[in-house]
Amino acid sequence: KYSIKELKEKLPYTKFQFLLLTQPAGQGKTNFLCDFTENFLLKKGYCVWYFNAYEFYEPPANILWQKLSLEGLYDKSYVKQVLERRWQESKRPLIIVIDGLNENIALPNFEQALIGFLQECETLPFIKVIMSTRDEMLEERFGQMLAHQNPEQFSHVRLNTHDDQFKERIFKGYLSFFNIDIRWDTLNERTYQQLTKDVLLLRFFCEVHQGTRQLYMYDIYKYAVFEQYCSNKAEEYKRINS
């Protein structure tokens, strides 16, 4: 019954044409979208285009039609006709995934370009769009886009994965991946919560202490971790460029 309940909770999302997934920086949005695309959409035989938003050097609507028309080989009316017929017969939409809207700095007015893209997609019922961005500066960067959306077509989903099971899995997983052996008797609740509530901090912490044995966990100082992380990265870039 628990599995059926989970399915029931997720079913309403299938009615939307547009989904925007948000979460703070470094909490796993990209990993989630990559996993969802590779291990669900593609394995189920969906046609998917996956973009990182920083790749857009021209409006996404232009790129959409370049892809749909096979670089101009077919005109818009023919493309619409063929793909709409396919959708009506199969009920399987073409999925466009755009990760990291906040990372686009190439287009001067990316928000307006994004609004135009979604308006274009509204005329194409055979397309569904899944996007992601950080919670930080959401209203400042994409407030107009959110305000322009039809709630019957668009859903803003704030991802919340930080339950106790997630925290334990992500904490032990990072320690294992970075080959860190901690002194468990020194790990207090405050330190554990500090690291598991902020996965980006956990990642920085583990990169800084990679390969450490018998690591004491009495306290975490964010500034010290970040300073050491930046220092390590600077040395890494020097080695790469030397």
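Structure data summary
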{"quantity": "Cβ-derived FRET efficiency at R0 35 Å, Gln88 paired with Lys10, nearest 0.05", "calculated": "0.90"}
{"quantity": "Share antiparallel - DSSP beta bridges, the chain, percent rounded to 5", "calculated": "0 percent"}
{"quantity": "Helix axis angle, 76-90 relative to the chain longest principal axis, alpha carbon, degrees", "calculated": "70 degrees"}
{"quantity": "Inter-label distance for Leu187 and Asn62, nm, one decimal - labels placed 7 Å from Cα along Cα-to-Cβ", "calculated": "5.1 nm"}
{"quantity": "Contour excess over end-to-end distance, with Cα ends at Tyr216 and Leu200 and 0.36 nm allotted per residue", "calculated": "3.8 nm"}
{"quantity": "Average projected area [Cα convex hull, the chain], square nanometres", "calculated": "17.6 nm²"}
{"quantity": "Cα centroid of the range 161-210 to Cα centroid of the range 19-66, whole Å", "calculated": "27 Å"}
{"quantity": "Contour minus Cα-Cα distance for Phe226 and Glu120 (0.36 nm per residue)", "calculated": "33.9 nm"}
{"quantity": "With Cα atoms, 0 to 90° folded angle of helix 164-177 axis to the chain main axis", "calculated": "70 degrees"}
{"quantity": "Set of the range 109-124 residues, backbone N closer than 15 Å to the point 7 Å along the Cα-Cβ line of Gln144", "calculated": "109-119"}
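Taken together, the values in this text are just the output of simple stated rules run on the coordinates, not laboratory data. Keep in mind that what you see is a predicted model, and the values were worked out from it rather than measured. Because the Cβ atoms are built from the backbone with ideal geometry, glycine has one as well, and the counts that use them run over all protein chains shown.
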